[in-house]
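Input: a single structure, listed below in structure tokens.
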Amino acid sequence: MRKACATASLPGNSGKQGVDLLVSVRQRGTRVVVVTNSLASTDGVPVHSKYQHYRKPLLQAGVELYELKPSAGAQRGRRSGGFRGLRGPTGSGSAGLHAKTFAFDRRIVFIGSYNLDPRSSKLNTEMGVLFDCPELVKRLAETTGRDIDQKAYRVELVGNRLGWVTREGEKQVRFHSEPEASLWKRINVRVLSWLPIEDLL
């Protein structure tokens with residue numbers, strides 16, 4: 001089975017087109033894995049308020065969806081010796097995913113600044129590099145997949161509701177609401193989700 005792997009943001013009208021693209025790829029029998037920020041790890045709360053609407057369509061299509069834990073940077077730091085973890089935008093030790101990376105068919109990879117959103121396609125000046133390099137794609141897939149069940153939450157559909165599953169030590173842990181997110185972030189997401197701002201994101 002072929003595999004497509006992506007890390008990106010998916011808000012706005014271009015987000016809808018991006019979701020449709022990923023769903024169509026999945027319908028052809030290709031495994032699709034998306035790694036993005038959780039509400040707890042993101043510094044883009046407005047983006048998350050719109051991205052959240054696309055989780056169910058992705059999951060219903062069979063896309064594998066992972067959301068990064070805020071502690072993932074610290075975990076990486078402990079494993080890499082001199083690297084002391086990722087610093088968030090406020091200088092905290094929490095991790096946040098900013099890479100825009102797409103890998104296809106275990107040979108082609110795009111790395112750049114482009115998000116699947118209206119700002120990237122219509123307003124911003126973006127850049128990226130497209131590689132035809134199976135060795136690089138193999139390393140990317142291995143790095144992304146290594147301990148993903150500890151570094152991220154796997155988002156699942158439980159009936160018609162979302163659930164988040166992760167591994168802490170030897171134990172599997174399940175959450176029924178956005179894990180580790182503060183009450184303030186939850187309120188912000190709820191309020192922002194009501195506003196017609198998708199085209200501005």
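How large a share of the accessible area of the stretch 97-152, in percent, is made up of carbon and sulfur atoms when the probe is 1.4 Å and the other protein chains stay in place?
57
Report, in whole Å, the centroid distance computed from the Cα atoms of the stretch 141-201 and the stretch 118-135.
26
Using the per-residue mean of other Cβ atoms lying within 10 Å as a proxy for protection, in what order, highest first, do the peptides 174-182, 121-129, 156-164, 47-55 fall?
Top of the packing list down: 47-55, 174-182, 156-164, 121-129.
Beyond a 21 Å Cα-Cα separation, which of these cross-linked pairs lie in this structure: Lys138/Lys171; Lys69/Lys138; Lys100/Lys151; Lys16/Lys56; Lys100/Lys185?
Lys138/Lys171; Lys69/Lys138; Lys100/Lys185
Measure off 7 Å from each Cα along the Cα-to-Cβ vector at Asp132 and Glu170, then give the distance between these two points in nanometres to one decimal.
Using points 7 Å along Cα→Cβ, the separation is 4.9 nm.
So for each of 134-144, 58-68 I average, over its residues, the number of other beta carbons within 10 Å; can you give me the resulting order with the highest mean first?
58-68, 134-144
The values are calculated or read from the model by the stated rules, or taken from the named source; none is laboratory data. Worth saying up front: this structure is predicted, and the values here are computed from it rather than measured. All Cβ positions, glycine included, derive from the backbone under ideal geometry; neighbour counts span all protein chains shown. Surface accessibility is based on the protein's heavy atoms, side chains included, excluding ligands, DNA and RNA. Shrake-Rupley method; radii C 1.70, N 1.55, O 1.52, S 1.80 Å.
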